[in-house]
1. Can you tell me how many residues within the range 32-67 are out of contact with any strand residue (DSSP E or B) (no Cβ under 8 Å at 6 or more places or on another chain), in a loop (DSSP other than H, G, I, E, B) and in contact (Cβ under 8 Å) with a residue 12 or more places away in the chain?
2. When the range 4-35 is examined, which residues are found to be closer than 28 Å to Cys53 by Cα, more than 24 Å from the chain's Cα centre (by Cα) and loosely packed, with under 12 Cβ neighbours inside 10 Å?
3. Does the range 130-152 hold any residues that are more than 15 Å from Asp91 (Cα to Cα) and surrounded by 17 or more Cβ atoms within 10 Å (Cβ to Cβ), and which are they?
4. Of the conditions (1) crowded, with 16+ Cβ neighbours inside 10 Å; (2) modelled with pLDDT under 95; (3) of a type outside the set (D, E, K, R), Gly125 satisfies every one except a single condition; which number is it?
5. I need the full set of residues from the range 1-16 which are modelled with pLDDT of 95 or more, of a type in the set (D, E, K, R) and closer than 30 Å to Lys122 by Cα, in order please.
6. Residue check: is Arg169 of a type in the set (Lys, Arg) and more than 18 Å from Cys50 (Cβ to Cβ)?
7. Among the helices (runs of 4 or more DSSP H) contained in the range 107-208, which hold 3 or more residues that are within 18 Å of the chain's Cα centre (by Cα) and touching a residue at least 24 places away in the same chain (Cβ under 8 Å)?
8. Could you check the range 68-83 and list, in sequence order, the residues that are outside any helix (DSSP H, G or I) and either in contact with a helix residue (DSSP H, G or I) (Cβ under 8 Å, 6 or more places away or on another chain) or within 26 Å of Glu114 (Cβ to Cβ) (or both)?
Amino acid sequence: MRQIIKVQGREPEELTVWKKANQGKRYQDLQAPIRQAINRAAIQEQYGLCGYCCQRIDENNSNNEHVISQQSGKNQTLNFSNIIASCKKKDRCNQARGAKELALTPFMPECELELKFYLSGKLEGNTIRATEAINSLGLDNRAIREERKNLVDELIFTEGLFSNELQLRGDEFLNDMISKLDKPDDSGMLLAHSPALINIIRGFLKKS
């Protein structure tokens with residue numbers, strides 16, 4: 001996960017107008033164009049990454065996800081501050097979660113601290129709630145481990161390194177790498193699984 005910061009005023013205008021004209025309605029009453037506008041806005045504020053697994057997403061391979069489920073937060077189904085964009089991968093993210101509530105969410109800054117990534121692609125929780133979130137969202141199954149490892153290896157290779165050489169680099173190099181990875185490209189997008197590599201590098205820096 002990478003923390004998602006909801007900023008007042010980012011709600012899509014289409015949703016704002018519809019809510020004013022349809023008081024008392026809920027998310028399930030929305031027409032497709034407004035759902036799509038919500039999805040586009042969420043993808044943009046997430047820099048093109050799934051709100052849970054951090055793979056690259058677009059309007060074709062993602063959907064709108066209520067962090068507080070629609071069942072639990074019946075009065076929040078149209079609250080843009082409760083909606084993120086999630087990938088549609090089978091047995092992962094919102095497809096794995098269903099309506100289970102999450103004690104650790106992408107809205108919390110702790111989501112970047114309570115998860116521990118490894119170069120092997122493995123993911124562990126540093127807390128009970130982080131472990132529960134990993135299990136609920138399917139963030140450490142075999143398929144995503146392989147995907148994460150391959151893409152993290154590619155990110156490292158762009159720096160002219162193999163993954164087993166990364167830890168040998170000095171703090172200045174590693175901090176520069178974090179700055180690069182955390183900077184959106186010209187289209188406002190981040191690289192797939194870059195938050196995982198940032199997490200790994202921060203772990204190396206703590207040990208140095």
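The values are calculated or read from the model by the stated rules, or taken from the named source; none is laboratory data. If you're wondering where the values come from, they're calculated on a predicted model, not measured in any experiment. Glycine also receives a Cβ, built like all others from the backbone with ideal geometry; neighbour counts cover every protein chain displayed.
1. Kept after step one, since they are out of contact with any strand residue (DSSP E or B) (no Cβ under 8 Å at 6 or more places or on another chain), are these residues of the range 32-67: 32-34, 36-37, 40-41, 44-45, 47, 54, 58-60.
Pick out the ones that are also in a loop (DSSP other than H, G, I, E, B) and you get 47, 54, 58-60.
Those still in the list that are in contact (Cβ under 8 Å) with a residue 12 or more places away in the chain too: 47, 54, 58-59.
The qualifying residues number 4.
2. Gln31
3. Ala130, Thr131, Arg148, Lys149, Leu151, Val152
4. So the condition that Gly125 fails would be (2).
5. Of everything in the range 1-16, just one residue is modelled with pLDDT of 95 or more, of a type in the set (D, E, K, R) and closer than 30 Å to Lys122 by Cα, namely Arg2.
6. Working: of a type in the set (Lys, Arg): yes; more than 18 Å from Cys50 (Cβ to Cβ): yes.
It is true that Arg169 is of a type in the set (Lys, Arg) and more than 18 Å from Cys50 (Cβ to Cβ).
7. Working: elements: 128-137, 142-157, 171-181, 194-207.
Ranges flagged: 128-137, 142-157, 194-207.
8. The first filter runs over the range 68-83 and keeps only residues outside any helix (DSSP H, G or I), leaving 68-79, 83.
Listed by number, the residues that qualify are Ile68, Ser69, Gln70, Gln71, Ser72, Gly73, Gln76, Thr77, Leu78, Asn79, Ile83.
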